[in-house]
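See structure below.
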Amino acid sequence: MKPSDLKPDWSRESTSTGYVVVYCPDHPRAWSTGYVYKHRLLMELHLDRFLARTEHVHHKDEDRHNNALSNLKVETPSEHARHHATGRELIELTCEGCGGGFGREHRQMHKNNKRVFCSRDCYYSALRG
């Protein structure tokens, strides 16, 4: 099955968590109610392939209702997070595993963990000794 085989009911649009959703019960990732996010469905129809769970569709102008293709872009989770992290203050840290510098938001700091690592690889390398 390809996205072009789907028959979304465009007349049954609604909103959920601020996003526009469309009734399309045949979609492989439709919710139990039969709805899917419109921006993801439009991108899938445009690309003529289903998006992977790890692919995010970013609204360039950050208006969740503006689903024009010119306003949508497929991104990795890290690319998408970077867009929404602008303006947040980062704490500069030094990784105890590799010695490299990296930034982390205050909300990402673990209160009970005094040791900091830039990645899971560095963390597990330090555990192995």
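Summary table
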| quantity | calculated |
| --- | --- |
| Furthest towards positive pole of dipole, Met1, Ser70, His58, structure part the range 1-99, Cβ charges | Met1 |
| Backbone HN-Hα couplings from phi across the range 24-30 [Karplus 6.51/-1.76/1.60, Hz, Gly and Pro as x] | 8, x, 7, 5, x, 10, 5 |
| Above-threshold pairs, the threshold being 18 Å between Cα atoms, out of Lys2/Lys73; Lys2/Lys60; Lys38/Lys73; Lys7/Lys60 | Lys2/Lys73; Lys2/Lys60; Lys7/Lys60 |
| For Val116, distant residues with modelled amide H under 5 Å away | Glu96 |
| Interchain or long-range residues, amide H under 5 Å from Gly34's placed H | none |
| Carbon + sulfur, % of accessible area of the range 23-107 - ligands and nucleic acids excluded, 1.4 Å | 49 percent |
| Cα pair count fraction exceeding 18 Å, expressed as % - the range 1-60 | 26 percent |
| Per-pair calculated FRET efficiency, R0 = 30 Å: Glu105 and His46 via Cβ, rounded to 0.05 | 0.35 |
| Total formal charge among the other residues, if their Cβ is under 14 angstrom from that of Cys24, Lys/Arg +1 and Asp/Glu -1 | +1 |
| Normalised contact order of the chain, rounded percent, pairs of Cα under 8 Å and 6 or more residues apart | 15 percent |
| Relative frequency of Cα-Cα separations exceeding 20 Å in the chain, percent | 58 percent |
| Cβ-placed point charges (K, R +1; D, E -1), dipole of the range 8-129 about Cα centre in debye, nearest 20 | 540 debye |
| Candidates His39, His58, His27: whichever shows maximal mean-square fluctuation once the chain is modelled as a Gaussian network with Cα springs under 10 Å | His27 |
| Full-stretch length increase - Thr15, Arg82 - with 0.36 nm per residue and alpha-carbon distance subtracted | 21.6 nm |
| Zone residues, the range 15-36, relative to Asp61, backbone N less than 17 Å from point 7 Å out along Cα-to-Cβ | 19-20 |
| Karplus (6.51, -1.76, 1.60) ³J(HN,Hα), θ = phi - 60°, over the range 95-100, in Hz, Gly and Pro reported as x | 5, 6, x, 10, x, x |
| Unit charges at the beta carbon, dipole of the chain: most positive-side option, His27, Gly97, Ala81 | Gly97 |
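The values are calculated or read from the model by the stated rules, or taken from the named source; none is laboratory data. Worth saying up front: this structure is predicted, and the values here are computed from it rather than measured. Cβ: placed from backbone, ideal geometry, glycine included. Neighbour counts: every protein chain shown. Accessible surface is based on the protein model in full, side chains and every heavy atom, while ligands, DNA and RNA are left aside. Shrake-Rupley method; radii C 1.70, N 1.55, O 1.52, S 1.80 Å.
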